[in-house]
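Since every read-out is calculated from the coordinates, none of them should be taken as a lab result. In this text, all values refer to a predicted model and were calculated from it rather than measured experimentally.
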């Protein structure tokens, strides 16, 4: 689709199917006009934008521009995981209701995965289900979180402990939003794409290598490829798995350790902690070392993990602020508990026997991993041992 009107650019549209849900994903370059048109067609009486303070500073005019003649409300909060709390959720809901929200209102997430999760849970609760639109402005949100129905907030116990599954009415994004991202945030989305390549679509690895080699992660052509590839990979495993409780669990690759590493680091350093994608990348290294120790993953496969992670500029070890014991304590409350037979000394993990080939237990891409196995892998990936581990792997592979 082409248009000569200001703010209108070439669009790409894909229909996302997850179980019984289907919604359009529309993206392009310089397409704010089309996004505004799409929101106008919803005939809302109020657009409730959920964003963060950084995005409001970067794009103060965007909510008003996208709303057109529709009244709008902007709900914001400081950047970071502190936004995904019951306190913030109830405060935002109360503000929306006091502003006159009705069943015709639409909740619009504008930002990354954190505002997206909060907005999704808000929409599901508002009048037992208000319409939801995602406008992701980060690669991690555009290429990962909005391609799932999972909406959640954190609890003092752990990450994503309270939530639901809720489908958006539509997803829109303009890849120009990604141009303002720090390099680390651009890499965060690429890390999720690396996960998709390693766990689901190893045939996409050459394309990812080409994007990395190109050097310009913000180039529209690179971002369009990444969006298309991410959509293809995620819908491949969620099309018939609405709740990501069967084949879709493979999307949790790197997340058991990664989520714990992310949460520990954010508790120590706040918003300066590892990005979600970087934490998942380190979590994949942990998982790869567990599989390697079991004799499942080859030396070459582990080396491939390190190649992609380091190629994306992620340091392949635990941050100084995170100790293996910290990760073990947080991982003990991982939200995948309960899928496998209870074992007080084991956690459910997605592990690979080869790229694109997850290990299975009773039809699920999960296996129990003992505390001792996890501790050993964390110690390998701890600062100071990653270089030695990589050198040993290359030496065994004859490189």
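Could you state the number of Å between the C-alpha centres of the range 195-267 and the range 290-317?
16 Å
Percent relative contact order of the chain, based on C-alpha pairs within less than 8 angstrom and at least six residues apart?
Relative contact order comes out at 14 percent.
For the range 83-131 and the range 338-381, write down the distance between their C-alpha centroids in whole Å.
Distance between centres, Cα-based: 35 Å.
Starting from the Cα gyration tensor of the range 214-323, take the square roots of the eigenvalues, sort them a ≥ b ≥ c, and report rounded, prolate or oblate (rounded when a/c is under 1.5, otherwise prolate if a/b is larger than b/c, else oblate).
rounded
Can you give the angle from 0 to 90° between the axis of helix 205-214 and the longest principal axis of the chain, with both taken from C-alpha atoms, to the nearest 10?
70 degrees
Could you tell me which label, among (i) 18.5; (ii) 29.4; (iii) 20.2, carries the value of mean projected area of the Cα convex hull in nm² calculated for this structure?
Matching the structure shown: (i).
Before anything else, pin down the relative contact order of the range 11-181: Cα pairs under 8 Å, at least 6 apart, normalised by residue count, whole percent.
Computed over the range 11-181, the figure is 25 percent.
Output the relative contact order of the range 196-396, whole-number percent, from Cα pairs under 8 angstrom with separation of 6+ residues.
25 percent
Using only Cα atoms and rounding to the nearest 10 degrees, what angle (0 to 90) does helix 255-269 make with the longest principal axis of the chain?
70 degrees
So what is the 222 nm mean residue ellipticity for the chain from helices alone, if each DSSP H run of at least 4 adds -39500 (n - 2.57) and you divide by all residues, rounding to the nearest 500 deg cm²/dmol?
Value at 222 nm, helices only: -13500 deg cm²/dmol.
Compute the acute angle (0 to 90°) between the alpha-carbon long axis of helix 183-199 and the principal axis of greatest extent of the alpha-carbon atoms of the chain; round to the nearest 10°.
With both axes taken from Cα atoms, the answer is about 60 degrees.
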